[in-house]
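Novice: Got a structure for you, questions after.
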Amino acid sequence: MNHFYSFAAVVLFSVTPLQLSSQKTTQDTLRTKDIQQIILNRKLQEHGVIPSQKLQGAELQQINSVSVADAIRYFSGIQLKDYGGIGGMKTVNIRGMGTQHVGVFYDGIQIGNAQNGTVDLGRFSLENLESISLYNGQKSEIFQSARDFGSSGTIYLQSKIPVFKGVKKTNASIGYRSGSFGLVNPSILLEQKINNNISVSLNTEYVNADGKYKFYQRTALPNGAMAWEREGIRTNGDVESLRAEAGVFGKMNGGKWNLKGYYYDSERGIPGAITKNTEIFSSRQWDRNFFVQGSLEKEISPNYKLLINAKFADDYMHYYNDNPGGTPILIDNTYKQKEFYFSTAHQYSIYDFWKVNLSADYQYNTLDANLRDFAYPERNTELVALASQLDLKKFKLQASVLGTFVQESIENIKYSVPQNKNEFTPAVFASYQPFNSDFKVHAFYKRIFRMPTFNDLYYTEIGSSQLKPEFTHQYDVGFSYSKDFETGVLKNFNILTDAYYNEVTDKIIAYPKGQQFRWTMVNLGEVQIKGIDVSTQAVWLIAKDLLFSTKFTYTFEEALNVTKNEITSYYRNQIPYTPRNSGTALLGLTYKDWQLNYSFMYVGERYNMNMNIPENYEQPWYTSDVSMSKDFRMKTWSFKLALEVNNLLDQNYSVIRNYSMPGRNYRIALKINL
């Protein structure tokens, strides 16, 4: 696959209108170094019942991240699974409840994957994103689709909406990033104002990298002695991808609308595990993802608002491995998913302080594969959510109940006929401001579930079509505090703290049935999770042109497997890859047109299997990243040049056992705004 020429054509097509336009561009006066804007970006801007964690604007530029997966590591309560390198898969787990319980929304509409229930966040770039938000429980709004009520935790990705200053009608931004692993990463963003009510946006990005880096892998025995070690060059981590997005944004009397098209095409090597004698590296994966979605929000009357969302998605994945696990078995599988989605939400204000909302969604999913004896499942899902919110100034209360109705059909009679599933799940959120300050206490309870994925139900020789949904119960209490200072060096300080207790019941696990080499999926698991999240931010104006900002997060989490059956010798053991202690630090120093950023991440000890024994022990790891950037201006053009050094101290570490991460590596980036 070669995307370079197609990318070059898109760039040429996008830049040409700039040369033909007689409209002279004006200088954009909003700069990242603007002191007031930077202070504003670091405040807790929360208007709902429960605050969220958010990275936006200048903060997103402050961290050394390329993808969404890299950025959300700096939220508390997050566990990221990273299989190494640019091409390795990256998935996220919130508060120990499992990857499938995380809903990922792009511009307000969920990114679905009925096949395995996970979203690879490594394929979503930060290039066209305005903000990333993390909500525990759910977004504390009621005017939203029923799907928004349906996850244990949610991540919202908000793309940039065109903003034009003065008489300017065209914005353009061209970027280029290069560095270690043979990285070539050009991108372009073009925004055009059609009239006062309509604007369009086009963003394209191309990534090509060989993914090669030095590694050192060491495995220790229970007594601390070294079992084996290997060093070499990590291979099969290459990636080539093209992403293209187009959006139309409109305003109308009492409302707004948007239409977005998204296309992603990639080929990548899947880095294999590094073992004592060899490195398994023969896996390849091809992905092609396309969706088109639209949203309309309209105030019909002073008391009634309407929201309509619609989406069509078509996903293709091809996985190839000619030597899985060292066996002479060939895996050459293709999967095709389609999704149709439609949603309406209706909010009515009974009084100024009391609002109710009724949302109804319909979703249709299919999965096709070239597997032997495949089930060819089809799933119809209807969701209805009734929610109400009281806003009594200092006291806010939100309650909702979600009804989920699932009908499933299959073509292959080898499987048992799937049962229809109907569930009603409640949620209650509350906050109270006891003093005349920005100190607030909040709490919530939520019961929700996730449907078994198509892989859980129908994967050949393993799936079980009689699986029950996997339920979570979430309890949370916390507080937030924010204060601005008119005098002194400290200009803003805020803190967000939560203590939580979660239960996961009917957890779906693979279980040996009959002979040990025959496995099936069953509802056997139960997990209890206790934790504390802390996030603090502060901004200091040290001198007129010198700004210092900090952000610290800390998470303590005890996630115990409390499953009781004949094979559970791991009762009350910490679940795999969940550290008890983890934290991050972000430090930023801005002086005139210069910016210096430092980020630190720590992940404590953990275990790679259910049994917490010395053979499964994983040592703590930490990394330090640093970057420096400089803004330049030339007439109406502005430039930003940045140098990044990641893993500054060249630490040897693995997020997943035997998947070594890169050592010290570099990136240089140039961005031109026209």
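Quick note: the coordinates plus some simple rules give every number you see, no bench work behind them. Since the structure is predicted, the reported quantities are computational estimates derived from the model, not experimental observations. Heads up, the Cβs are rebuilt from the backbone with ideal geometry, glycines too, and the neighbour counts pull from every protein chain shown.
Novice: Which GluC sites (Glu not before Pro) in region 361-413 pass both tests, a DSSP loop state and at most 14 other beta-carbon atoms within 10 Å?
Specialist: Within region 361-413, the qualifying GluC sites (Glu not before Pro) (loop, at most 14 other Cβ atoms within 10 Å) are Glu411.
Novice: Mind running the shape call on region 172-221? Use the C-alpha gyration tensor, a ≥ b ≥ c as the square roots of the eigenvalues: rounded below 1.5 for a/c, prolate if a/b tops b/c, oblate otherwise.
Specialist: Cα axes put region 172-221 in the prolate bin.
Novice: Please find the FRET efficiency linking Tyr445 to Asn422, where r is the Cβ-Cβ separation and R0 is fixed at 22 Å, and quote it to the nearest 0.05. Walk me through the intermediate numbers first.
Specialist: Numbers: r = 22 Å, r/R0 = 0.98.
My answer for the efficiency is 0.50.
Novice: Could you state the number of Å between the C-alpha centres of region 180-201 and region 556-608?
Specialist: 35 Å
Novice: Can I ask one more? Pop a pseudo-label 7 angstrom from the Cα along the beta-carbon direction at both Lys635 and Lys256 and give the gap in nm to one decimal.
Specialist: If labels sit at Lys635 and Lys256, their model points lie 3.4 nm apart.
Novice: For a footprinting-style exposure proxy, rank Arg606, Arg230 by other Cβ within 10 Å, fewest first.
Specialist: Arg230, Arg606
Novice: Among the chymotrypsin sites (Phe, Trp or Tyr not before Pro) within region 353-450, which fall in a DSSP loop and have no more than 15 other Cβ atoms within 10 Å of their own Cβ?
Specialist: Phe353, Phe435
Novice: Report the extension gain between Phe353 and Tyr176 in nm, rounded to one decimal, defined as 0.36 nm multiplied by the number of residues separating them, less their alpha carbon distance.
Specialist: Computed gain between Phe353 and Tyr176 is 58.8 nm.
Novice: With 10 angstrom as the radius, rank Leu392, Leu541, Leu190 by how many other C-beta atoms surround their C-beta, starting from the fewest.
Specialist: Going from least to most buried by this count: Leu392, Leu541, Leu190.
Novice: I need Leu259, Leu467 ordered by Cβ neighbour count within 10 Å, fewest first. Intermediate results must be reported in sequence, preceding the final value.
Specialist: Details: Leu259 16, Leu467 21.
With the sparsest Cβ surroundings first, the list reads Leu259, Leu467.
Novice: Label points 7 Å out from Cα along the Cβ direction at Lys544 and Leu371: separation in nm?
Specialist: A separation of 6.8 nm, rounded to one decimal place.
Novice: With respect to the cross-link table entries Lys592/Lys630; Lys491/Lys592; Lys54/Lys260, which display a Cα-Cα separation exceeding 21 Å? Spell out each step's value before the answer.
Specialist: Working: Lys592/Lys630 9 Å; Lys491/Lys592 18 Å; Lys54/Lys260 23 Å.
Among Lys592/Lys630; Lys491/Lys592; Lys54/Lys260, the Cα-Cα distance tops 21 Å for Lys54/Lys260.
Novice: Another question, then. If the cut-off is a Cα-Cα distance under 18 Å, which aspartates and glutamates reach Lys507, setting aside same-chain residues fewer than 8 apart in sequence?
Specialist: Glu423, Asp456, Glu470, Glu526, Glu558, Glu566
Novice: Taking a ≥ b ≥ c as the square roots of the Cα gyration tensor eigenvalues, with a/c under 1.5 meaning rounded and otherwise prolate when a/b beats b/c, else oblate, which class fits region 119-223?
Specialist: Cα axes put region 119-223 in the oblate bin.
Novice: How about region 287-384: which trypsin sites (Lys or Arg not before Pro) there are in a DSSP loop, with at most 14 other Cβ atoms within 10 Å of their Cβ?
Specialist: Arg372
Novice: If each residue of separation counts as 0.36 nm, what is the full-extension length gain between Lys338 and Phe485 once their alpha-carbon separation is subtracted?
Specialist: Contour length minus the Cα-Cα distance gives 47.7 nm.
Novice: Could I ask something else about it? Need the C-alpha centroid separation for region 639-674 versus region 334-359, integer Å.
Specialist: Value for the Cα centre distance between the two parts: 40 Å.
Novice: Could you tell me what % of all Cα pairs in region 320-448 have separations over 23 Å?
Specialist: Roughly 58 percent, once rounded to a whole number.
Novice: For Glu382 and Asn195 in one chain, what is 0.36 nm times their gap in residues minus the Cα-Cα distance, to one decimal in nm?
Specialist: Using 0.36 nm per residue and subtracting the Cα-Cα distance, I get 63.5 nm.
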